[in-house]
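Report on the following structure.
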Amino acid sequence: MTTFWDKGYAGTSAQDLVDSTGLGRGSLYNTFHSKRGLFEAALKRYDDECTAHLVRLLEEGEGPARDRIRSVLLSVVDEETAEAPEHRGCLVVNTAMELAGQDVEITDHVRRTFTRIQVALRICIEQGQREGSMPAGQDPQVLAVYLLNSMYGLRVLGKVSDRSTLETLVDQILPPHP
């Protein structure tokens, strides 16, 4: 997963996969049948780990819904400004930029991941509207799409922006609850 995340699908060679997994070429192809099969498994693992974690933060996090959503946005800022030599961004966003529109199955996978997060955002927004932490007059579906777009925009900007800029954007996207 990390090799595809670091290099992208097209930039990852069979030798890169052999080196990163410690498996022989034959074992890789016997198990996954192709580079693409391994990539699909990497996307699934990313969803099982990273996407599931984000959804759990929205569904099970502590505090009002608005605070949980802000926490997710700020976690993106944390991840994108961490002291890591690489700014990998999000594997699903990177995959969307590289392959969506060119590969139907990968596009569908990316769409399903985006929809999973969007649904979790919508449910959290609806909870927030009931509890009073989110504006009641806004369509929760539209707001969920806006927040999803904003979250992934932070991922892209995080590749070239500093923490202060990203935190300012989070304050504009979803100001703290008054």
Applying the selection to region 145-158, what residues are surrounded by 14 or more Cβ atoms within 10 Å (Cβ to Cβ) and assigned to a helix (DSSP H, G or I)? VAL145, TYR146, LEU147, LEU148, SER150, MET151, TYR152, GLY153, LEU154, ARG155, VAL156, LEU157
What number of residues within region 8-27 satisfy the criterion of being surrounded by 11 or more Cβ atoms within 10 Å (Cβ to Cβ) and in a helix (DSSP H, G or I)? 12
Report, by residue number, each residue of region 119-143 that is within 15 Å of ILE173 (Cβ to Cβ) and in a helix (DSSP H, G or I). LEU121, CYS124, ILE125, GLY128, VAL142, LEU143
The lone condition GLY101 fails out of (1) at pLDDT 85 or above; (2) loosely packed, with under 15 Cβ neighbours inside 10 Å is (1)
Which one is modelled with the lowest pLDDT, of the residues in region 1-26 that are under 17 Å from GLY89 (Cα atoms) and of a type in the set (D, E, K, R)? ASP6
Going by the conditions given, is ILE106 modelled with pLDDT of 85 or more, open to solvent by less than 10 Å² (accessible area, probe 1.4 Å), part of a helix (DSSP H, G or I) and more than 29 Å from GLU60 (Cβ to Cβ)? yes
Can you say whether ALA96 is surrounded by fewer than 18 Cβ atoms within 10 Å (Cβ to Cβ) and among the hydrophobic types (A, V, I, L, M, F, W, C), as far as the supplied structure shows? no
Select from region 27-47 the residues that are among the small types (Gly, Ala, Ser) and modelled with pLDDT of 80 or more and list them in ascending order. SER34, GLY37, ALA41, ALA42
Out of (1) over 17 Å from the mean Cα position of the chain (by Cα); (2) polar (S, T, N, Q); (3) at pLDDT 90 or above; (4) open to solvent by less than 70 Å² (accessible area, probe 1.4 Å), the one SER161 does not meet is (3)
Counted residues, region 35-57 - those being within 13 Å of ILE106 (Cβ to Cβ) and either aromatic (Phe, Trp, Tyr) or surrounded by fewer than 12 Cβ atoms within 10 Å (Cβ to Cβ) (or both): 2
Might you let me know whether region 62-84 holds any residue that is touching a Ser or Thr at 6+ places or on another chain (Cβ under 9 Å), at pLDDT 90 or above and loosely packed, with under 15 Cβ neighbours inside 10 Å? yes
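The values are calculated or read from the model by the stated rules, or taken from the named source; none is laboratory data. Computed from a predicted structure; not experimentally measured. Note that each Cβ is placed from the backbone with ideal geometry, even for glycine, and that neighbours are counted across all protein chains shown. Surface accessibility is based on the protein's heavy atoms, side chains included, excluding ligands, DNA and RNA. Shrake-Rupley method; radii C 1.70, N 1.55, O 1.52, S 1.80 Å.
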